[in-house]
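Below is one structure; the comments refer to it alone.
The values are calculated or read from the model by the stated rules, or taken from the named source; none is laboratory data. Note that the structure is predicted; figures quoted are calculated from it, not measured. Heads up, the Cβs are rebuilt from the backbone with ideal geometry, glycines too, and the neighbour counts pull from every protein chain shown.
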Amino acid sequence: MTLQVTAIMLGVEDVARSKAFYEALGCAIDQDHPTFVSFNLGEGSSSLALYPRDAAAQDAGVSPEGSGFQGVSFHYIVGSNDEVDEVIGKASNAGGKVVKEAAASQWGGYFGYFSDPDDYLWKVATSS
């Protein structure tokens, strides 16, 4: 069996706030319930789900406390520097925070980071 990521679930403080954020980024809602929302991110991508943080922690049997770097970031690879800037701008306009301004990197690409309302990190980058 090969490991596949079919869904990514984020434990969030406010499902409605996070739902609005991801909708503003263009994510299409697949399921919408008062305490659970899932987005279809398109063919070839995992789905993205939002669930109350406390409930997600309880489901896994762990503490809901956590701060700073979560030990994970999500990466979105786009075709141009302009697209990097556009995605980061959309995230900022939707209530996200620009964590690292987009800039050229030493390996020849261009990237920046934003965080969603629950401080999950997203890197937006060109492939080269």
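General observations
- The residues listed here are VAL124, VAL87; of these, the one that is touching a His at 6+ places or on another chain (Cβ under 9 Å) and β-branched (Val, Ile, Thr) is VAL124.
- Checking each residue in the range 100-118 for being buried (at least 16 other Cβ atoms within 10 Å of the Cβ) and out of contact with any helix residue (DSSP H, G or I) (no Cβ under 6 Å at 6 or more places or on another chain) picks out PHE111, TYR113, SER115, ASP118.
- Test: residue in the range 59-78 that is under 23 Å from SER127 (Cα atoms), surrounded by 13 or more Cβ atoms within 10 Å (Cβ to Cβ), touching a helix residue (DSSP H, G or I) at 6+ places or on another chain (Cβ under 9 Å) and of a type in the set (Phe, Trp, Tyr): yes
- Residue match in the range 10-32 (condition: at pLDDT below 85, surrounded by 13 or more Cβ atoms within 10 Å (Cβ to Cβ) and in a loop (DSSP other than H, G, I, E, B)): no
- Matching entry among ALA125, ALA94 (being in contact (Cβ under 8 Å) with a residue 60 or more places away in the chain and among the hydrophobic types (A, V, I, L, M, F, W, C)): ALA94
Per-residue answers, yes or no, for (1) without any contact (Cβ under 8 Å) to a residue 60 or more places away in the chain; (2) among the acidic types (Asp, Glu); (3) outside the structural domain of ILE77 (by TED's automatic domain parsing):
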residue	(1), (2), (3)
ASP14	no, yes, yes
LYS19	yes, no, yes
TYR22	no, no, yes
ALA28	yes, no, yes
SER38	yes, no, yes
LEU41	yes, no, yes
SER46	yes, no, yes
ALA49	yes, no, yes
ALA55	yes, no, yes
